[in-house]
Amino acid sequence: MENLNYFIDAVMTYPFLQNALIAGVLVGIVCGVVGCFIILRGMALMGEAISHAVLPGVVIAYMLGASFFVGAVITGVLTALGIGYISQNSRIKDDSAIGILLTGTFAVGVVLVTTIGSTSINVWHILFGNVLAVSRTDLWMTLGITVGVLILIFVFYKQLLLSTFDPTMAKAIGLPTRLIHYMLMFILSLVTVASLNTVGIILVVAMLITPGATAYLMTDRLPMMLTLSAVFGVISAVVGVYYSYIYDVATGASIVIVATLLFTLAFLFSPKQGVFVRWFRRMTTSKA
Amino acid sequence: MTSSVKVDHLSVSYHGEMALDNITFEAPTQELIGIIGPNGAGKSTLIKAIMGMVPKNQGDIKVFDQSVSKMRQKIAYVPQRSMIDFDFPVLVEDVVVMGRYPHLKWWQRPGKKDREKALECLEQVGMEDFRRRQIGELSGGQQQRVFIARALAQESDLLFLDEPFAGIDLSSEQIIINLLRKIRNQGKTLFVVHHDLSKVEEYFDSLMLLNQRLVGFGAQEDVFKPQLISEAYNGNIATLHSEDGDGQMVVVK
């Protein structure tokens, strides 16, 4: 309780902490919502690849003095196209193609960072986030991406649902399924940039997958799954920022740990899917 | 309007290998049409080609004398059950409402009328009591009926069903074939990909024997002949005769 009061006081006093919280909440929402589609399409590894591929884009943008945003989207989408191209035009399967390009693009990013010298750009912050240094500009960018992505998903909800659930029918009725796939890749790149400060490139996949997976264990309807996932994302962000401030530990990692704990709880105790709950039900029914 | 589907010299190849070789046929309307052939015969490829989902090397396809792209609304597809992720967070009624999507503009959401139509179709297949269930909680036969309800909700004139009897118990199979007959009697045309020879004579009005090329197409009794079936299955069949010598049964070896 004392810690909580201390934290609330600090939030009231320090704008950097306010920014951190707002950024965390936005990232929690947008990653939570996008993540549901990533999970249901079985693209968790693809999310990992796109988020890593963003590194060279960000560094090149930095070197040219361009916006992070543009650089990240270009390398993110190029990588998605590359993965598709390799798996369609050779005997290499999707997961291997992802493995090759994930590490390859990331390595290019690391090399670029080392050539420009570590004083000008902080690799640690790009990789693991630096939520306490979120500027006003960063905040506006994160807000813009969040609102834009949520609008896209809201408008094309019907198309996303059908192409995810039954791609063959989606194609049969003339939906551009390939375009929808690349739109999601584009969204993934955007979301990674939005999460750069909060959790960083390495851990953004956790924000995409973990809250969505937690929600998936709790409900049988997609709209509910999207909502719960966003809620879990927000809880992870707020509680994560709280602990990171109180105990002075890395913020991104702290957020991800909270998300993982929420998942563990759902995995054990979800009313329908929980391992412990199902075990308990078996015990009671076999006795009866 | 005399033909439901008209295919003219259609060839399709997959990864450089010939999947369908120079197929030509004209299918009647208001019939239950079986597509039979061994594994890898191109049965699924043929229906995907007709629906314009796989690129063709050559050939021309007309659905109700129109190009497919103009007729998408009129064509419903019932997927092979193995293609669906039954853990997906949708309820039975959500799935059936998807059948209304082709009737909606790209920005429109399904409304009250669409929901009513979906419920009506669920009643037609006898699944209305399950409408609030998650799709994976149903048995295979019930899932298949839900997907048929979705095709009905689309109000299409032409239905493609990919292996609707695969992995389904006999009593469900009976329910489903009765349903398909009912749909045919409403004036629709159904193409059914099927791999089991035992019920062919009982189930279908017309029959297509396929093994990359078209081995036979026509009225069931004209096509379901040991010689043609043997040709389609590359000789891997046996003919069993009944004791009185009249009946015969064809089985795949």
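Where a number appears in this text, it was derived from the coordinates with a stated rule and is not lab data. Please read all numbers here as calculations on a predicted model, not as lab measurements. As a convention, Cβ positions derive from the backbone with ideal geometry for all residues, glycine included, and neighbour counts pool all protein chains shown.
Once the Cα atoms are used to define both axes, helix B:140-153 deviates from the longest principal axis of chain B by about 70 degrees. Computed over segment B:64-214, relative contact order equals 30 percent, with contacts defined as Cα pairs under 8 Å that lie 6+ residues apart. Take the convex hull of the alpha carbons in segment A:2-287; its mean projected area over all directions comes to 18.4 nm².
Select from segment B:90-158 those chymotrypsin sites (Phe, Trp or Tyr not before Pro) which occupy a DSSP coil region and have at most 15 other Cβ atoms within 10 Å, ordered by residue number. Kindly include the intermediate steps, with their values, before the conclusion.
Numbers: sites: B:106, B:107, B:130, B:147; in loops: B:106, B:107.
Passing sites in segment B:90-158 are B:106, B:107.
Applying a threshold of 26 Å to the alpha-carbon distances of B:62/B:117; A:158/B:117; A:93/B:70; B:113/B:182; B:43/B:70; B:43/B:199 flags B:62/B:117; A:93/B:70 as lying beyond it. Counting other Cβ atoms within 10 Å as a rough exposure proxy, the listed residues A:36, B:121, A:31 run B:121, A:36, A:31 from fewest neighbours to most. Taking Cβ atoms as reference points and 15 Å as the exclusive limit, the residues near residue B:57 contribute a net charge of -1, counting Lys and Arg as +1 and Asp and Glu as -1. DSSP bridge analysis restricted to the protein assembly as shown gives an antiparallel fraction near 60%, rounded to the nearest 5. By the beta-carbon count within 10 Å of each Cβ, the least crowded to most crowded order of B:9, A:181, fewest first, is B:9, A:181.
By the count of neighbouring beta-carbon atoms within 10 Å, fewest first, B:199, B:112, B:117 end up ordered B:112, B:199, B:117. Considering only A:163, A:59, A:128, the residue lying farthest towards the positive end of the dipole of segment A:2-287 is A:163, judged by Cα position with unit charges set on Cβ.
Our helix-only sum for the protein assembly as shown, with -39,500 (n - 2.57) per DSSP H run of n ≥ 4 divided by its residues, gives a mean residue ellipticity at 222 nm of -18500 deg cm²/dmol.
The mean sequence distance of close C-alpha pairs (under 8 Å, at least 6 residues apart), as a share of the length of chain B, puts its relative contact order at 25 percent.
Rounded to the nearest 20, the Cβ-based charge dipole of segment A:2-287 about its Cα centre (Lys and Arg +1, Asp and Glu -1) stands at 1020 debye.
When the Cα positions of A:140, A:78, A:188 are compared along the charge dipole of the protein assembly as shown, A:140 comes out farthest toward the positive end, with charges on each C-beta of Lys, Arg, Asp and Glu.
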